[in-house]
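Here the structure is laid out as structure tokens; the discussion comes afterwards.
Read the figures in this text as sums done on the coordinates, not as results from a lab. This is a predicted model, so every value here is computed, not measured. We place every Cβ from the backbone using ideal geometry, glycine too, and count neighbours over all the protein chains shown.
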Amino acid sequence: MMGGNIRFLTRTALILGIALAVQALRLPPQITGVVINALLFTAAMLVHPLAALSIGLITPWIAVVTGIMGLVFMAPFIMAANAALALGYWAFRRQGDFVGMAMGSIAKYGVFVLTVNVLLSWIGRQLPPAALAVFGIMQLITAVGGGLLALVIAQTLKPVISRTHE
């Protein structure tokens, strides 16, 4: 039991560290989005959905604190979208990783559609035009791209990970 907890924490911390390093590079949102989504999917596939959920809740706040993201009021919505991605994948994973990835991507995009079109008006906020582009269809594209990248990563790492359980 203890080995499982240590393995969970170590793998989650490793994926979180990679995510934070990618954020620190301050690449365009399209690239960062694909990589972060790939890491969230990878965590859900190879560790546990709680790992992906944890990483998805931490990374938006790190982006705010480090000045990468200026729209502080969007952090909770990004966290919710990341949670939808992880939980959407997990809910449909038994139909296959590809189906899980597709459903997680759609769930994340759905959260952003709801946020941009409904929730922001309820709290009296509006996104600037440039942010509307980032939080629109680009979210679906980067989630699917990240999911496809995660499928490659998972297929590559599964043999190595399975040997560590022996």
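At a 10 Å Cβ-Cβ cut-off, how would you order 41, 112, 98, 77, fewest neighbours first? Show your work: numbers first, answer last.
Details: 41 28, 112 24, 98 13, 77 19.
Ordered by Cβ neighbours within 10 Å, fewest first: 98, 77, 112, 41.
State the extension gain, in nm to one decimal, for the chain segment bounded by residue 133 and residue 94, taking 0.36 nm per residue of separation less the distance between their alpha-carbons.
Full extension from residue 133 to residue 94 adds 10.7 nm.
With just the Cα atoms defining each centre, how far is segment 44-83 from segment 9-27? Give it in Å.
Between the Cα centre of segment 44-83 and that of segment 9-27, the gap is 11 Å.
What angle do you read, to the nearest 10 degrees and between 0 and 90, between the alpha-carbon axis of helix 49-65 and the longest principal axis of the chain?
40 degrees
Across segment 35-43, in residue order, what do the Karplus-derived ³J(HN,Hα) couplings come to in whole Hz, using 6.51 cos²θ - 1.76 cosθ + 1.60 with θ = phi - 60° and x for Gly and Pro?
3J(HN,Hα) across segment 35-43, in whole Hz: 5, 4, 4, 4, 5, 5, 4, 4, 4.
Compute the distribution of all C-alpha to C-alpha distances in segment 2-164, in bins of 5 Å from 0, and list the percent of pairs in each, rounded to whole numbers.
For segment 2-164, the binned pair fractions read 2, 10, 18, 24, 20, 13, 7, 4, 2, 1, 0 percent.
Does anyone have the angle between helix 137-164 and the longest principal axis of the chain? Alpha-carbon axes, 0 to 90°, nearest 10?
The answer is roughly 10 degrees.
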